[in-house]
Amino acid sequence: MARGMGSAAMTARADALTARRRLVVQERLIGALLFGCGLVSVLTTIGIVVVLLSQSLGFFGEVSPVEFLTGTRWSPGLSPQSFGILPLVNGTLLIGAGSSIIAIPLGLATAIYLSEYAALRTRRVVKPILEILAGIPTVVYGYFGIMFVTPILRSIFPQTQIFNAASASIVVGIMILPLVSSLSEDALSAVPRSLREAAYGLGATKFEVSTRVVVPAALSGVAASFILAVSRAIGETMAVTIAAGMQPKMSLNLLESIETMTAYIVQVSLGDTPYGSLEYRTIFAVGLMLFLITLAMNLLSQRITRRFREVYE
Amino acid sequence: MSPAPIAPRGGRFEPRIAHRQRVGRVFHGLCLGAVVFGMLSLVVLIVDVSADGLQVLSLDFLTNYASRIPDRAGIRAAILGSLWVMSLVAVIAFPLGVGAAVYLEEYAPKNRLTRLLQTNIANLAGVPSIVYGILGLAVFVRFFALGRSVLAGALTLALLILPVVIIAAQEAVRAVPGSLREASYGLGATRWQTIRHHVLPVAMPGILTGTILALSRAIGETAPLIMIGALTFIAFDPASPLDAFTVLPIQIYNWVSLPRQEFQLLAAGGIVVLLAALLLMNATAILLRNKYRNEL
């Protein structure tokens, strides 16, 4: 009897031990599984880099990188073929600059208004409403650009082409405006009240406090928001494909049709270019260029935020 | 950074209050003008599109397939395609995103590898969507030979929104108070039991809000799906993840690029439906957030 009880206790203890061991194993497995989920994002990055590099290498085996980077004629579909990417870079930068002219001053002014002038309730209502602009699908901006903005431009400047860089710049500018205004507003609001009070105490007006104390104090956040917004404009695809056209050109005329790197990639994948041909491989080389430019800008924006952030108590 | 002197250099200090206040008023007006411009753009955009789109919106428009004849054209295949793709994206991105977020917040040691993971996620969020399209084309369509299928599109978009889901889920998990975890550990729960029964339920509203907002980004994505070849004429209901498909934004793009006026109106009709879907998703996310905001 006593022996039986002892063995029952031992079995129970052994059971508890196995249960515990099972729990430990389960914990380890779940930890590994969750780590695997985290790894997917690393695999995505590796995938992007490997695909872009390997396919571009094939392309650069046939086209010299020097010609690619310095050539001013882009005509992979015509003969003689020509692979100078500068017209596409020109188009992309034109849209980037054009949309910045809209988004940066208006976005910063909006941020200053919301942070310095508006009542808290106004800010709470206006900020999310403006952020809707950033959530509207880009194909809708394309439609808006070609059906609403372009006709207005044509009535002011009759020489405006149906597809033109100006309308695309305007709609992309509107699209990235909330990016500038929201991120800048965050930075401006983070400037401590004491700095403003000190300036007011010296007799400064609200305008002087805003432009000479608050904005300089928040400069790193504000600059980071500008760079992020331009990077978004450069990667934008559908609005520029629809509104700005598909004519690679070394032109700074906003009223003409141009072509961006993104629009070119779309153009090739819409056409019937056979997969694997030299012309098809251009999209990987152009994609690599686009990836590198936006990555550099995003890293720069992160670095500015981290390195130049003013830390206030 | 040295601020410019307010009074003229050298001379006597002149307050010039009236002048400075005038400048201030003008500046105030300009800033207000910028806010009004942004709000007005949104109103004009929505009114302009709706004015065109409501002309073609009808039950037939929702239930007909696309057609060469504008009067008979509709968005049935596009709506079904979008539903298919979005459901699959949610099923793929949600567990992966939450898993990664839980790992980073609850498991990951504070070391270089973790920091690298975090930086990598932040950078992926900034990669242009068309680059994901190129990735999807090379990996899912070609390498895994999924072809131009719903599944290939959904995988591509899932990778696209994954960073956004991870970042939102991380914020939600981080907001769960530490005392809850301590209490659970104090009663002898393991790490996973604590997460499964205490952290995740509390964080779930935040996670769901973030996921819905990420999905609302995916539903409007056009370029990556064009890359994987979804711009085709579809006049049937997709019935399996391996079927060819089209989605709403692609159907809209297709019509926008056709020259005839009637097709532009069809595009506007499609946009109205797309914006309505977006509104619904955003409203759900906001309601979720408000409902659970005060419960902690």
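Key figures for this structure:
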| item | result |
| --- | --- |
| Matching option when the condition is within 15 Å of B:Phe94 (Cα to Cα), part of a helix (DSSP H, G or I) and not aromatic (Phe, Trp, Tyr), among B:Leu104, B:Leu157 | B:Leu157 |
| Residue among A:Arg232, A:Arg212, A:Arg281, A:Arg303 that alone is among the basic types (Lys, Arg), within 9 Å of chain B (Cβ to nearest Cβ), farther than 30 Å from A:Met147 by Cα and out of contact with any strand residue (DSSP E or B) (no Cβ under 9 Å at 6 or more places or on another chain) | A:Arg212 |
| Residue in the stretch A:21-43 that is over 30 Å from B:Gly99 (Cβ atoms) and surrounded by fewer than 20 Cβ atoms within 10 Å (Cβ to Cβ) present | no |
| Residue in the stretch B:91-102 that is within 14 Å of another protein chain (Cβ to nearest Cβ) and within 23 Å of A:Met238 (Cβ to Cβ) present | yes |
| Conditions (1) over 23 Å from A:Leu270 (Cβ atoms); (2) surrounded by 23 or more Cβ atoms within 10 Å (Cβ to Cβ); (3) free of Cβ contacts under 8 Å to residues at least 12 places away in the same chain: number failed by B:Val131 | (1) |
| Hey, A:Phe226 aromatic (Phe, Trp, Tyr), assigned to a helix (DSSP H, G or I) and more than 8 Å from every other protein chain (Cβ to nearest Cβ) or not | yes |
| Qualifying position, being within 30 Å of B:Gln21 (Cβ to Cβ) and either among the aliphatic types (A, V, I, L, M) or outside any helix (DSSP H, G or I) (or both), among A:Ala239, A:Ala198 | A:Ala198 |
| Selection count where residues are under 20 Å from A:Pro137 (Cα atoms) and at the interface with chain A (Cβ under 9 Å from one of its Cβ atoms), scope the stretch B:116-159 | 12 |
| Residues (part of a helix (DSSP H, G or I) and touching a residue at least 12 places away in the same chain (Cβ under 8 Å)) located in the stretch A:212-223 | A:Arg212, A:Val213, A:Val214, A:Val215, A:Ala217, A:Leu219, A:Ser220, A:Gly221, A:Val222, A:Ala223 |
| Scope the stretch A:81-98; condition of a type outside the set (A, V, I, L, M, F, W, C), assigned to a helix (DSSP H, G or I) and touching a Lys or Arg at 6+ places or on another chain (Cβ under 9 Å); matching residues | A:Pro87, A:Asn90, A:Gly91 |
| Of all residues in the stretch B:242-258 being part of a loop (DSSP other than H, G, I, E, B) and touching a Ser or Thr at 6+ places or on another chain (Cβ under 8 Å), the one that is nearest to the other protein chains (Cβ to nearest Cβ) | B:Val247 |
| Selected residue (only one of B:Gly74, B:Gly53, B:Gly38, B:Gly81 is of a type outside the set (A, V, I, L, M) and modelled with pLDDT of 95 or more) | B:Gly38 |
| Residues (assigned to a helix (DSSP H, G or I) and not charged (D, E, K, R)) located in the stretch A:180-195 | A:Val180, A:Ser181, A:Ser182, A:Leu183, A:Ser184, A:Ala187, A:Leu188, A:Ser189, A:Ser194, A:Leu195 |
| Lone qualifier among B:Ala235, B:Ala203, B:Ala283 - being closer than 17 Å to B:Ser82 by Cα and among the small types (Gly, Ala, Ser) | B:Ala235 |
| Lone qualifier among A:Ala32, A:Ala119, A:Ala134, A:Ala103 - being within 12 Å of chain B (Cβ to nearest Cβ) and free of Cβ contacts under 8 Å to residues at least 12 places away in the same chain | A:Ala32 |
| Residue within the stretch B:206-221 that is at pLDDT below 90, in a loop (DSSP other than H, G, I, E, B) and within 14 Å of chain A (Cβ to nearest Cβ) present | no |
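The values are calculated or read from the model by the stated rules, or taken from the named source; none is laboratory data. Keep in mind that what you see is a predicted model, and the values were worked out from it rather than measured. Here Cβ is always computed from backbone atoms with ideal geometry, including for glycine, and neighbour counts include all displayed protein chains.
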